[in-house]
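What follows is one structure encoded as structure tokens, with my remarks underneath.
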Amino acid sequence: MSLLGAAIAAGLAAIGGSIAVAIIVKATLEGVARQPELKGTLQTLMFIGVPLAEAVPIIAIVISFLLLFQ
């Protein structure tokens with residue numbers, strides 16, 4: 001049963017992380033399309049936001065591995 005729980009946690013973490021990164025990149029591209037002069041600022045904010053959005057799925061993967069090997 002813990003194998004199923006670990007697989008579900010890992011899968012949902014991967015899906016959630018990819019959706020979060022897609023939303024961040026989409027918003028950055030829309031912002032650059034509206035105001036091209038802010039490209040550098042928006043890109044910097046994107047490079048800060050993407051790792052923050054990826055931190056939660058990485059933690060979920062670690063927790064799923066802990067469930068798996070417990």
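The values are calculated or read from the model by the stated rules, or taken from the named source; none is laboratory data. These figures come from a predicted structure and were not determined experimentally. Because the Cβ atoms are built from the backbone with ideal geometry, glycine has one as well, and the counts that use them run over all protein chains shown. These area figures cover heavy atoms from the full protein model, side chains too; ligands, DNA and RNA do not enter into them. Shrake-Rupley method; radii C 1.70, N 1.55, O 1.52, S 1.80 Å.
So here's what we get for this one:
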quantity: Label point distance in nm, residue 52-residue 14, each placed 7 Å from Cα along Cα→Cβ; calculated: 2.7
quantity: Fraction of accessible area attributable to carbon and sulfur, the chain (%, probe 1.4 Å); calculated: 78
quantity: For the chain: accessible area per residue (Å², 1.4 Å); calculated: 73
quantity: Estimated FRET transfer efficiency (residue 2, residue 59; beta-carbon r; R0 25 Å; 0.05); calculated: 0.90
